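S.K.: Sharing a structure here in structure tokens format.
Just so it is clear, none of the values below were taken in a lab; they were calculated from the coordinates. All figures in this text were calculated on a predicted structure; none of them were measured in a lab. Positions of Cβ are generated from backbone atoms using ideal geometry, with glycine treated the same way; all protein chains shown enter the neighbour counts.
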Amino acid sequence: MEKTILTGIKPTGQIHVGNYVGAIKPALELAKVPEYEAAYFIADYHGLTKIHDAKEFRQLSYGIAATWLALGLDPEKVIFYRQSDVPEIFELNWILGCFSSKGLMNRAHAYKAIVDQNKSQERDVDYGVNMGLFNYPILMTADILMFKTDVVPVGKDQIQHVEIARDIAESFNKNYGETFVLPEYKIQEDTAVLPGLDGRKMSKSYNNTIPLFVEEKKLQKLINKIKTDSLPPEASKDPDASVLFMIYKEFATPLEVEKMKEQFVSGIGWGDVKRELFHVMNRYLEQPREKYNELMAAPEKLDEILKVGAETARSISSQFLKEIKQKIGIQ
Ligand code: ADP
Ligand code: TRP
């Protein structure tokens, strides 16, 4: 039997090279596995916990949609939709909220991190916390359980959320009998955590990213900004300790990677490495960038594609929601 694989990305920033390598690329690979039926979506209502500017929010949501499509997601093969277009998810969100203990939410890491920070700064523990953020894991649970998801490909930071989804599903099933599939997470152990311009993990929170589809000149500029040490060109260098090499590996051919490794050992200047890095990245991103720009200039096209996806998603979710409502005694 086919297994359902589902994942979402929230529109809270421009997609960067780290997101691509760590999340999008592996998800696109998994969508090709014949035994998986894939559902990928834009988690826009999750993004609303953070982005409160309408124009920015709309652009960021379109940006995620255009990114997936530009990188090769085939909407004929993957159910591709916007979370906010599937109202059944929000009805399920409420139902599941009634099976989620508050203590479980208190322990969710995103909320806990803010509380800890507030404590350390001697502020009210809930300073800056909206209820959307607090309930975030319940909505994510609704996303997952609604489509009887077996496998959720996510980054390490999301493991806890998938575990919460299992807990909530179990507590519902215990009360009403087998209803929800218990999801499992899938982590890409072999994908690197890509460093950013300053050597820390590339992340929009650190402002050290290379946005995936920046124009050529900007790409070159950003690559030039990547921090290096002060070893002279002729000095032998350790490729595995180099941010430039880690990024290079993701975009170059295996042969190019081998060659670059040798050059590191025999001595190569950082300027030359940066030039080569720009060359392989730009070669790889040129076409998707063009497609991305085309799509961003035609948002009605994106709306059309997402609408079709939402119809498919709703045909599944409305049926299942009916069953769930019968179980709880509403219909
Ligand atoms: P950010 O850290 O920029 O806020 P998100 O937390 O929105 O990124 O991450 C979205 C997805 O991209 C997650 O699956 C996450 O694991 C992955 N990801 C983010 N940054 C990196 C990185 N530097 N290297 C690899 N994967 C990453
Ligand atoms: N919380 C995820 C993130 O921050 C995004 C997300 C929302 C998600 N709903 C989901 C991921 C359901 C997987 C499945 O990256």
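S.K.: Using Cα-Cα distances under 8 Å and only pairs 6 or more residues apart, what relative contact order does the chain have, in percent?
M.R.: The value is 22 percent.
S.K.: Still on this structure, please answer the following. Which residue, 161, 46, 109, has the most motion in a Gaussian network model of the chain that connects Cα atoms within less than 10 Å?
M.R.: 109
S.K.: With no solvent and one point on each alpha carbon, what is the Debye value of log10 I(q)/I(0) for the chain at q = 0.06, 0.08, 0.10, 0.14 Å⁻¹?
M.R.: Evaluating at q = 0.06, 0.08, 0.10, 0.14 Å⁻¹ gives log10 I(q)/I(0) of -0.25, -0.43, -0.66, -1.16.
S.K.: May I pose another question? Can you bin region 23-96 into rounded, prolate or oblate? Criterion: square roots of the alpha carbon gyration tensor eigenvalues sorted a ≥ b ≥ c, rounded for a/c under 1.5, prolate for a/b above b/c, oblate for the rest.
M.R.: oblate
S.K.: Can you tell which of 310, 235, 298 shows the greatest fluctuation in a Gaussian network model of the chain with Cα springs below 10 Å?
M.R.: 235
S.K.: Calculated FRET efficiency, residue 215 and residue 259, Cβ-Cβ r, R0 22 Å, to nearest 0.05?
M.R.: 0.20
S.K.: Please work out the C-alpha center-to-center distance from region 141-178 to region 252-283 and express it in whole Å.
M.R.: The two parts, judged by their Cα centres, are 43 Å apart.
S.K.: For region 142-147, in order, what is each residue's ³J(HN,Hα) by Karplus, 6.51 cos²θ - 1.76 cosθ + 1.60 with θ = phi - 60°, in whole Hz (x at glycine and Pro)?
M.R.: For region 142-147, the Karplus-derived couplings read 4, 3, 6, 5, 4, 9 Hz, x marking Gly and Pro.
S.K.: Within region 213-293, count lysine pairs with alpha carbon atoms under 12 angstrom apart where the residues are 8 or more positions apart or belong to different chains.
M.R.: Pairs that pass both the separation and distance tests number 6.
S.K.: Something else about it: Give the calculated FRET efficiency between residue 238 and residue 328 to the nearest 0.05, with a Förster radius of 35 Å applied to their Cβ-Cβ distance.
M.R.: Step by step, r from the Cβ atoms, then E = 0.05.
S.K.: Pull up the cross-link candidates among the lysines for residue 77, meaning alpha carbon to alpha carbon under 17 Å and not fewer than 8 places away within one chain.
M.R.: Those lysines meeting the cut-off are 3, 25, 32, 307.
S.K.: Here's something else I'd like to know. Taking the chain as a Gaussian network, Cα atoms linked when under 10 Å apart, which of 288, 232, 195 shows the biggest mean-square fluctuation?
M.R.: So, out of 288, 232, 195, the one fluctuating most is 232.
S.K.: Let me ask something else about it. Test of understanding: what is the full-extension gain from residue 33 to residue 117, defined as 0.36 nm times their sequence separation minus their Cα-Cα distance?
M.R.: 26.1 nm
S.K.: While we're on this one: R0 = 45 Å: FRET efficiency of residue 127 with residue 287, Cβ-based, nearest 0.05?
M.R.: Taking R0 as 45 Å, the efficiency between residue 127 and residue 287 is 0.45.
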